[in-house]
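Right, one structure below, let's go through it.
The values are calculated or read from the model by the stated rules, or taken from the named source; none is laboratory data. Keep in mind the model is a prediction, meaning the values are calculated, not measured. Every residue, glycine as well, gets a Cβ built from its backbone with ideal geometry; the counts of neighbours run over all protein chains shown. These area figures cover heavy atoms from the full protein model, side chains too; ligands, DNA and RNA do not enter into them. Shrake-Rupley method; radii C 1.70, N 1.55, O 1.52, S 1.80 Å.
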Amino acid sequence: MAEREVQIAVDSLCNPREPVESSLCKHLTNLSREEQERLNDSWTSIPVEKRRALVSLLSEQADQDVLLDFSSVFRHGLRDSDAVVRNSSVRGLREDEAITLIRPFLRLLAEDSSMEVRASAASALGHFVLQGELGYLTDERNRELVEALARVITDDSLPVLVRRRAVESLAYSGDERVREIIARAYEDVSEEMRISAVTAMGRSADEYWRGTARIELLNENPDARLEAARAAGELTDGKAVARLVLLLADSDPGVRQMAVWALGQIGGNQAREALKVVAKSENTAMRLAARDSLAEMSLFDDENPTLSSPALFDADEEVEDDDLYDDEDDDDLYGEDEEWDDEELDEDEDPEWQTMEVLISDEIDFDEDDDYAWD
């Protein structure tokens, strides 16, 4: 019966007069070897526009239902003659941790004619770099990954899109070059590359970057603020709590939600009280995000009872950045005497400062229409 359903799906896909129906997708999940071969044999007979629509639809449905497995379709799509299909196939495999994908992704990164596909492959390799760092790959395979990404980063002939994704993925590695790579990316003339450098700071789990990420929370670009909030959470930077609280009222809904997530990662009394207020918001996305963060904090508190209510800073304490970086023992990659203009956030001097008391008094309003979900 299953083979008959696959054949029906294949026949429909090959018919240019029939649209790609979502109902077909259920026939293409968890394919057996025979069913996969049947689809592969007919693949080139499917019009390219329908192949594009199919792979995109499968990716959407897989995101909505984790029990659906279209990996065999996506794997075949990696070899498609159409770049859009290849790119969508890479994205469809972004949660697949099978190490047999490393080689195809490396090939796409090095050889694909589409820069978009190369960039997607660079991103997809990130969780394999993390696997290598955690000891789940052989040393040889791990070195191969790291060196491939490092070559891309230093290849100025490649567009920023590809190189920035490689920086983000390589950041998971403990390679000694990573800190300098991030520093150079942060100095790049491209704003997109600088934002990727902030992303990489968080992924590196290197506390050296806490101060820099904190500064970027004040960036005028909402994309930079969002990535800085993510980095602050990943680096569990307690000194960033006050600024993250400010971002709960940010004009950008994505930044607001990321601030909620980051506060949940950092924890502490101030973060918890702020999230309790947001958890009562009329905005659905913010309310649910805050409740998720509070639940995660509670789980952490149960596992670490001695850390259940740490005070990250006194209520009257001024928040400031002593240095760009928190690691005083390391040489400053930007020069020992370089000064950074990072104005202190003083409650008495800055009228824009929203104290915890203001937040708790429920003066932050969210627009219900601003629900947002990030990747």
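I need the peptides 183-192, 216-225 ranked by packing, meaning the mean over residues of other C-beta atoms within 10 angstrom, with the highest value on top.
Numbers: 183-192: 16.0, 216-225: 18.3.
Packing proxy ranking, top to bottom: 216-225, 183-192.
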Checklist line | ³J(HN,Hα) computed for each position of the stretch 54-69 - Karplus, 6.51 cos²θ - 1.76 cosθ + 1.60, integer Hz, glycine/proline x | finding: 5, 5, 5, 5, 4, 5, 4, 5, 5, 5, 7, 9, 5, 7, 7, 10
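How much length, in nm to one decimal, is gained on full extension between Glu95 and Glu273, taken as 0.36 nm per residue of separation minus their Cα-Cα distance?
Values: separation 178, 0.36 × 178 = 64.08 nm, distance 3.38 nm.
Between Glu95 and Glu273, full extension yields 60.7 nm more.
Given R₀ = 45 Å, FRET efficiency for Glu49-Glu133 by Cβ-Cβ distance, to 0.05? Don't skip to the end; give the middle numbers.
On the way: r = 41 Å, r/R0 = 0.90.
The value I calculate is 0.65.
Rounded to the nearest percent, how much of the accessible area of the stretch 82-121 (1.4 Å probe, protein heavy atoms only) is carbon and sulfur? Working shown, then result.
Details: 870 of 1790 Å².
Carbon and sulfur together cover 49 percent of it.
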Notebook entry, point to check: Pulled fully out, how much extra length does the chain show between Gln36 and Glu191, if you take 0.36 nm times their separation in residues and subtract their Cα-Cα distance?
Noted result: 51.5 nm
Margin query: What distance in nm lies between label points placed 7 Å from Cα along the C-beta direction at Cys14 and Glu207?
Written below: 6.2
Item checked: Proximal lysines to Lys26, defined as alpha-carbon separation beneath 21 angstrom and excluding residues fewer than eight positions away on the same chain -> Lys50
Next item on the list: Express the accessible area of the stretch 66-183 per residue in Å², computed with a 1.4 Å probe while the remaining protein chains stay in the model.
Entry: 47
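Per-residue counts of other Cβ atoms within 10 Å, averaged by peptide: what ranking do you get for 38-48, 280-290, highest first? Present the calculation step by step, with values, prior to reporting the outcome.
Numbers: 38-48: 15.4, 280-290: 18.3.
Answer by packing, highest mean first, reads 280-290, 38-48.
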Next item on the list: Heads up, I need the accessible area for Lys26: 1.4 angstrom probe, whole protein in place, Å², nearest 10.
Entry: 140
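Got a sec? What order do Cys25, Cys14 fall in by accessible area at 1.4 Å, biggest, i.e. largest, first?
Numbers: Cys25 0, Cys14 40 Å².
Final ranking, largest accessible area leading: Cys14, Cys25.
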Check: For Lys239, which lysines qualify as cross-link partners when the Cα separation must be under 23 Å and same-chain residues fewer than eight apart are set aside?
Finding: Lys276
Item checked: Simple label model, 7 Å out from Cα along Cβ direction - Lys280 to Arg143, nm -> 5.9
